[in-house]
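Note sheet for the following structure.
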Amino acid sequence: MEVYKKEKIENVCIFGGTHGNELSGVYLVRNWLKDGALVQRGSFSTHLVIANPRAVDTCRRYIDRDLNRCYGKGTLGESTNAESPYETKRAQELYHRYLSGAPPDGTTADFLIDLHNTSSAAGNCIIIPYNASPVVLQVCVELIQRLESLFVRVLVLTEQGTVESTAGSCKNTIGVEIGPQHHGTLKTKVYDDMSLIVTTTLDILDQINKGELFPERQLEVYSIHRRYDYPRDEDGQLNGTLHPDFEEKDWQPLKNGDNILRTLDGADIRLENETETVYPCFVGEAAYYEKGLAFWTTLKTILKVEKLPLDD
Ligand SMILES: [Zn+2]
């Protein structure tokens, strides 16, 4: 019974609206707050949270700064006042109330599901920390297998990408990132797929809590490799866009010599300096223009997934 206790998940948090204009998670959380039957399970409590309510109210990604870059130790430890960025204060509040709190005013989540949309053609993507736990990895394997028709892919963040985002804010975290969906809009298929991924994740966690055996196995993942920006002029303004051959080619193999970008005066830019086949993702994501990012490349790798329950 000690093993059972060790893996016990008592509190699951579901964040919608970390980015206020990514509406699938906003509406799922709103609807589950009205009727939570779909997200309640016998073996743990589920907490539903609109993560960035002011950004949701104005249907913007954020008010002052990107909330999903506010979970680093520095930002969480900053002293704040009335002038501080709203998201700095909100990340601290979320962290102390849901992710590292204690009763009666707070809880410490054992598992966090953070809901996002992308305008890119990334499909159904689960984003996990660079140091994902066996529980998170088993959830990924099970989601891929149980939801075969959804073609779920798993993206592994870098260490830096983990520590500043929700991915590093809880001992077990998955980001659910689904597209294409324009920001500020809602698509039925994307909404339904996200709902199914969340409810299936909760089923898996309930089974883990009950001590069911999940064998040791392997998981194919895409690990963040390099970032690529658009061509820009000396003022930082766009001087090019995605190459027409490359649009919506998320996860398609890409090698040196393939067209990726085109300058506004018509010169093709090809991939170079990669040493092996890479797999691009979030190609042309709308929210990344301001971040100096046209797309990521990833490397396909295999992770070993430890069995559950873990041995003592
Ligand atoms: Zn997002």
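Condition first: open to solvent by less than 20 Å² (accessible area, probe 1.4 Å) and either modelled with pLDDT under 95 or not small (Gly, Ala, Ser) (or both). Now tell me which residues in segment 290-312 satisfy that.
Across segment 290-312, the qualifying residues are 293, 295, 297, 298, 305, 308.
Is segment 252-265 home to any residue that is part of a loop (DSSP other than H, G, I, E, B) and free of Cβ contacts under 8 Å to residues at least 12 places away in the same chain? Before the answer, list the steps.
Looking only at segment 252-265, we keep the residues that are part of a loop (DSSP other than H, G, I, E, B), and these are 252-253, 255-258, 264-265.
Filter once more, keeping what is free of Cβ contacts under 8 Å to residues at least 12 places away in the same chain: 265.
Yes: segment 252-265 contains one or more residues that are part of a loop (DSSP other than H, G, I, E, B) and free of Cβ contacts under 8 Å to residues at least 12 places away in the same chain.
What number of residues within segment 229-251 are open to solvent by less than 80 Å² (accessible area, probe 1.4 Å), in a loop (DSSP other than H, G, I, E, B) and over 29 Å from residue 152 (Cα atoms)?
Residues that pass the stated criteria total 4.
Return the total of residues in segment 18-77 being within 18 Å of residue 165 (Cα to Cα), in a helix (DSSP H, G or I), within 16 Å of the ligand (Cβ to nearest atom) and open to solvent by less than 60 Å² (accessible area, probe 1.4 Å).
5
State all residues of segment 162-178 that are away from the ligand (no atom under 16 Å from the Cβ) and β-branched (Val, Ile, Thr); if no residue qualifies, say none.
So the first thing to find is which residues in segment 162-178 are away from the ligand (no atom under 16 Å from the Cβ), and the list is 163, 170-172.
The answer is 163, and nothing else.
Select from segment 56-88 the residues that are under 24 Å from residue 183 (Cβ atoms) and either outside the structural domain of residue 13 (by TED's automatic domain parsing) or more than 21 Å from the chain's Cα centre (by Cα) (or both) and list them in ascending order.
If the condition is that a residue be under 24 Å from residue 183 (Cβ atoms) and either outside the structural domain of residue 13 (by TED's automatic domain parsing) or more than 21 Å from the chain's Cα centre (by Cα) (or both), then 57, 58, 85, 86 are the ones that fit.
Within segment 100-129, count every residue that is within 19 Å of residue 44 (Cβ to Cβ) and within 15 Å of the ligand (Cβ to nearest atom).
Within segment 100-129, the first condition is being within 19 Å of residue 44 (Cβ to Cβ), and the residues that meet it are 100-104, 106-115.
From what's left, within 15 Å of the ligand (Cβ to nearest atom): 112-115.
Of the residues in that region, 4 qualify.
What residue, of 83, 93, is more than 19 Å from residue 13 (Cβ to Cβ), away from the ligand (no atom under 16 Å from the Cβ) and surrounded by fewer than 21 Cβ atoms within 10 Å (Cβ to Cβ)?
Details: 93 fails: more than 19 Å from residue 13 (Cβ to Cβ).
Testing whether each residue is more than 19 Å from residue 13 (Cβ to Cβ), away from the ligand (no atom under 16 Å from the Cβ) and surrounded by fewer than 21 Cβ atoms within 10 Å (Cβ to Cβ) leaves just 83.
The values are calculated or read from the model by the stated rules, or taken from the named source; none is laboratory data. Every value quoted in this text rests on a predicted model; they were computed, and no experiment measured them. For neighbour counting, all protein chains shown are included, and Cβ atoms are generated from backbone atoms with ideal geometry for every residue, glycine included. With ligands, DNA and RNA removed, areas are computed over all heavy atoms of the protein, side chains included. Shrake-Rupley method; radii C 1.70, N 1.55, O 1.52, S 1.80 Å.
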